[in-house]
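Before any comments, here is the structure.
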Ligand code: G6P
Ligand code: MN
């Protein structure tokens, strides 16, 4: 086992999430000692804006931790013990395209769900594999803990291309839901143990245990009135208190009004009620705009203010996003076998889904990686939904690897948010035009097909 203090690299150092993650690391230093933090980004300019903020966050807690800021993978990864990956290929500008193009065709415009998520997947799989190769070249045996989206597609791409890689794919959505669940029940998040099955951003809580008692019945009553929010919405963390997120938590109500058996991941709203979602989306101003005008602008302004005055305004998110990645990494580092919801190869955990599907289930996190709990058979309704989504995502991965227009069109058509093959084609063709720099092979395949 690797010994502390650790060297940790953050790939995607210029992310709006970086200061929050570093703050989470700082408040947990006693449990997870660090010798060095390295920020690595291919966009050095953006990273240089964020880096002084990160430095300040570190120095408020430690004088001894070294901070390295680099665009050189060798500097970033040599002898690193852990790498946090949070790349956003195409940055928020391309997220905006991912959201607005489908909306122009009356289809859900979302970062990770529907055609937007598929387009983002097409951009991200190969750069993610490149990152894995760089880490493997320079650091032996480092674990990569990966937040990069769209996580389900990234996980499937990595499984196909680098099956042996030490990558643990994670998402903070289940744990964010657990935070709200705990708030509704009036207990600590740590006191809640859940059972859950699905794919990333496509799953259900089947049990919510507190002291061994399933509290889902009580939650159902609350959700039937308020959705998955306490009456005081602002009690959740700053990110998930934005109006669009509040709406999302409230939408757990209609979802459970129809299917009360299990508590859905909030992202199920895009697949099960796409029409209402589209009705309430503004095609000219999507979540990407909200984030650019909100989280990003606030952080850049804070960085500028800090540079000018030496005073750092509190402008970044610390919440489950940061604490979850630290929890998972600690469990990997110290073989704690903590139970967390993560993305793993199925291998029979969900008995009636394909053995090699990348599923999201509870797992014990050991020094050798996650060990999934046995879920057993899932009911036909959920199995059917998941299989369609899985086929869609797997086809998308194949489209990326083969540069196949036909498979991309099949993937878009198979997505539940897309009503017809004509919608799929129109959206895909617009996506190809917007992604020329990212999908040269697919663009070529498309041209040759005409
Ligand atoms: C949740 C999801 C992430 C997603 C994020 C988007 O945390 O788990 O996968 O990227 O929401 O949030 P944003 O505030 O950027 O819309
Ligand atoms: Mn996620």
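The values are calculated or read from the model by the stated rules, or taken from the named source; none is laboratory data. In this text, all values refer to a predicted model and were calculated from it rather than measured experimentally. A quick note on method: Cβ atoms are made from the backbone with ideal geometry, for glycine too, and the neighbour counts reach across all protein chains shown.
Observations on the model:
- Output for region 184-213, where each listed residue is within 21 Å of the chain's Cα centre (by Cα), farther than 14 Å from residue 340 by Cβ and not in a strand (DSSP E or B): 201
- From the options 10, 21, 58, residue that is within 26 Å of residue 240 (Cα to Cα), in contact (Cβ under 8 Å) with a residue 12 or more places away in the chain, in contact with a strand residue (DSSP E or B) (Cβ under 8 Å, 6 or more places away or on another chain) and within 16 Å of ligand 2 (Cβ to nearest atom): 21
- Tabulated pairs, region 165-187, first touching a residue at least 60 places away in the same chain (Cβ under 8 Å) and over 17 Å from residue 324 (Cα atoms), second more than 11 Å from ligand 1 (Cβ to nearest atom) and assigned to a loop (DSSP other than H, G, I, E, B), C-beta under 8 angstrom, 6+ apart or interchain: 166/141; 166/142
- If you go through region 256-292 and keep only what is more than 23 Å from residue 389 (Cβ to Cβ), assigned to a loop (DSSP other than H, G, I, E, B) and either within 15 Å of ligand 1 (Cβ to nearest atom) or in contact with a helix residue (DSSP H, G or I) (Cβ under 6 Å, 6 or more places away or on another chain) (or both), you end up with just 283.
- Residue within region 315-335 that is modelled with pLDDT of 95 or more, over 30 Å from residue 294 (Cα atoms) and part of a strand (DSSP E or B) present: no
- Of all residues making up region 158-191, the number that are farther than 19 Å from residue 267 by Cα and within 16 Å of ligand 2 (Cβ to nearest atom): 3
- Here residue 28 passes the criteria (1) farther than 26 Å from residue 307 by Cα; (2) in contact with a strand residue (DSSP E or B) (Cβ under 8 Å, 6 or more places away or on another chain) except the one numbered (2).
- Any hit, region 169-180, residues being away from ligand 1 (no atom under 16 Å from the Cβ) and either farther than 25 Å from residue 72 by Cα or over 17 Å from the mean Cα position of the chain (by Cα) (or both): no
- Of residues in region 124-134 being in contact (Cβ under 8 Å) with a residue 60 or more places away in the chain and crowded, with 21+ Cβ neighbours inside 10 Å, the one farthest from residue 278 (Cα to Cα): 131
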